[in-house]
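So the structure is just underneath, and the comments pick up after that.
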Amino acid sequence: MSVSPAVPAITGRIYPPEYFKIGEFTRLDAKEIVRVMRGEVAGCIFRGVMDPALCQRVCDNFWKHPQRRQRGDAVPAYYLGTYHYAKELSLYLDEAAATSVAVHEVFDGGRNVFDELMTEVRAELARTGVALRTARHEGRDAAEFVIRSWSGGGKFALAAHDDAAQLTAKLQAGFEIQEVARNPLAAVNMCLQNGAGGGQLVYWNIEPDVATRRALGLEETGYPYQAEWLDGFDRIDLPVHAGDIYFFNGKLIHAVQAQSNPGEFRSTISFLMGFKDPQTAIYWT
């Protein structure tokens with residue numbers, strides 16, 4: 001008789017119902033974004049704030065860009081730009097410098113909606129004396145954003161994970177993003193393409209603790225958690241469509257549902273942001 005393996009116990013912080021929700025809006029509102037950054041609400045989504053023609057233009061520019069790459073690790077994606085996840089800090093900063101112009105080229109022939117978004121958030125934070133800037137290390141800038149596209153199969157195109165674990169990487173000791181770990185960590189996605197079905201955000205009400213990550217061997221990665229480990233936690237299934245921009249606390253476990261039609265892509269402009277200290281907010285990839 002075979003014995004089923006025990007399901008690991010995920011422990012950590014569970015948030016009250018008044019926090020664990022994602023507000024929906026039809027117009028961009030920087031006040032709501034800052035509420036996520038300050039830990040007042042789990043997330044917010046702004047529906048259809050990027051028009052279809054702009055999304056298509058950015059996607060077209062992305063797919064034809066000569067600096068577009070395919071990830072070589074466990075995350076199935078094409079990307080333009082770079083990401084700090086599981087990299088030596090010097091390599092990440094080299095890649096950020098090498099792609100800093102390229103990422104903005106996806107807006108050629110259209111509006112730079114990233115710059116527009118950050119201008120609004122920067123102005124809102126400045127009302128309370130907070131400066132917003134790109135993360136830095138020894139005078140070198142982090143990447144501002146990355147354009148990513150998934151077509152992964154199975155239940156999830158991107159498996160369940162948390163974004164806080166990667167802030168503890170010993171390879172990146174001294175990088176100021178690690179100071180954000182004590183505060184909410186805003187994951188930002190600007191959806192450009194999402195196929196005919198699927199691609200929704202799946203978001204569980206659990207912020208795993210260090211003991212959980214250590215026991216599962218995910219201490220510095222937070223990736224991947226098996227979906228069956230998360231049964232019993234409240235969750236939000238958030239439909240996402242091209243043109244939507246959304247923010248959520250990435251410390252809580254989340255995943256991206258696979259597309260219902262094989263071969264379709266989910267493409268986003270993505271980055272992370274949070275408070276380094278009460279007067280300084282930073283963003284990076």
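The values are calculated or read from the model by the stated rules, or taken from the named source; none is laboratory data. Values in this document were obtained by computation on a predicted structure and should not be read as measured data. FYI the Cβ positions are ideal-geometry reconstructions off the backbone, even for glycines, and counts take in every protein chain you see.
Per-structure values
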| read-out | value |
| --- | --- |
| Some residue of the stretch 196-203 being exposed (fewer than 15 other Cβ atoms within 10 Å of the Cβ), in a helix (DSSP H, G or I) and in contact (Cβ under 8 Å) with a residue 60 or more places away in the chain | no |
| Hey, A86 surrounded by 14 or more Cβ atoms within 10 Å (Cβ to Cβ), out of contact with any strand residue (DSSP E or B) (no Cβ under 8 Å at 6 or more places or on another chain) and at pLDDT below 95 or not | yes |
| Residue list for the stretch 20-37, restricted to those being touching a residue at least 40 places away in the same chain (Cβ under 8 Å) and either surrounded by fewer than 17 Cβ atoms within 10 Å (Cβ to Cβ) or of a type in the set (S, T, Y) (or both) | K21, K31 |
| Subset of the stretch 245-275 [assigned to a strand (DSSP E or B), within 20 Å of Y225 (Cβ to Cβ) and of a type outside the set (S, T, Y)] | F248, N249, H254, A255, V256, Q257, R266, L272 |
| A215, sole failed condition from (1) under 24 Å from F233 (Cα atoms); (2) in a loop (DSSP other than H, G, I, E, B); (3) more than 16 Å from the chain's Cα centre (by Cα) | (2) |
| Which listed residue, of N194, N261, is within 28 Å of R27 (Cβ to Cβ), among the polar types (S, T, N, Q) and either at pLDDT 95 or above or more than 15 Å from the chain's Cα centre (by Cα) (or both) | N194 |
| Conditions (1) in contact with a strand residue (DSSP E or B) (Cβ under 9 Å, 6 or more places away or on another chain); (2) buried (at least 18 other Cβ atoms within 10 Å of the Cβ); number of the one not met by R71 | (2) |
| Residues that are part of a loop (DSSP other than H, G, I, E, B), within 27 Å of H161 (Cα to Cα) and of a type in the set (D, E, K, R), drawn from the stretch 7-57 | E18, K21, R38, E40, R47 |
| Count - residues of the stretch 171-191 that are under 16 Å from the mean Cα position of the chain (by Cα) and touching a residue at least 40 places away in the same chain (Cβ under 8 Å) | 11 |
| Residues satisfying the stated conditions in the stretch 151-178, i.e. of a type in the set (D, E, K, R) and farther than 14 Å from H84 by Cβ | K155, D162 |
| Single residue of the stretch 172-195 satisfying the filter (assigned to a loop (DSSP other than H, G, I, E, B) and touching a helix residue (DSSP H, G or I) at 6+ places or on another chain (Cβ under 9 Å)) that is nearest to M50 (Cα to Cα) | L185 |
| Complete set of residues in the stretch 109-130 that are closer than 15 Å to I147 by Cβ, among the acidic types (D, E) and more than 19 Å from the chain's Cα centre (by Cα) | none |
| Residues being touching a residue at least 40 places away in the same chain (Cβ under 8 Å), out of contact with any Phe, Trp or Tyr (no Cβ under 8 Å at 6 or more places or on another chain) and closer than 18 Å to D209 by Cβ - total across the stretch 228-262 | 4 |
| Qualifying residue in the stretch 219-227 (condition: in contact (Cβ under 8 Å) with a residue 24 or more places away in the chain, touching a helix residue (DSSP H, G or I) at 6+ places or on another chain (Cβ under 6 Å), outside any helix (DSSP H, G or I) and on the phi > 0 side of the Ramachandran plot) | yes |
